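The values are calculated or read from the model by the stated rules, or taken from the named source; none is laboratory data. As the structure is a prediction and not an experimental result, all values here were calculated from the model. Glycine also receives a Cβ, built like all others from the backbone with ideal geometry; neighbour counts cover every protein chain displayed.
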């Protein structure tokens, strides 16, 4: 029996009845992803608070959850449900990070629209991400993250270009006793084009 807190046991009996009625409704409608104790108890208590004794309102509770302001963080996450959903997302995305294309390794599920911006746990808002990409994206939107990645890549490329050009100059100077600036410029330009060709 599901325990309640009324001295006369009426609240406990009502919640217990709602608990089992909601469980039957879940099984009839094949909503097995919700068939666990935490969800059933919450739905049973919500139904009792909202309707009193004798009405197990599954649809009303699901609607309530959908419209409830999001305060999603670890302490109010249904871990069993989340891990089930996580596995589904990994299988759908073939265990591949959708940001960088790496397969396997330490994968996580990322919210395309972040929770902080009103995103939900709807599967359409979830995507497989490697740990590195998920940490880099943080609370950014997809567009913000893509722009950030491009700027980081260009900055890294510019640094490599400067280093390569410097090495060409110093090598030419020590090998030939002089610098052919035209040849250095053409070689450096070619290297830069090769580096940036995949960023378009």
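Residues in the stretch 103-120 that are modelled with pLDDT of 90 or more and loosely packed, with under 15 Cβ neighbours inside 10 Å: 103 only.
Scanning the stretch 47-61 for residues that are at pLDDT 80 or above and either exposed (fewer than 13 other Cβ atoms within 10 Å of the Cβ) or over 20 Å from residue 29 (Cα atoms) (or both) yields 48, 49, 50, 59. When the stretch 6-27 is limited to residues that are farther than 18 Å from residue 51 by Cα and in a loop (DSSP other than H, G, I, E, B), the one that is modelled with the highest pLDDT turns out to be 8.
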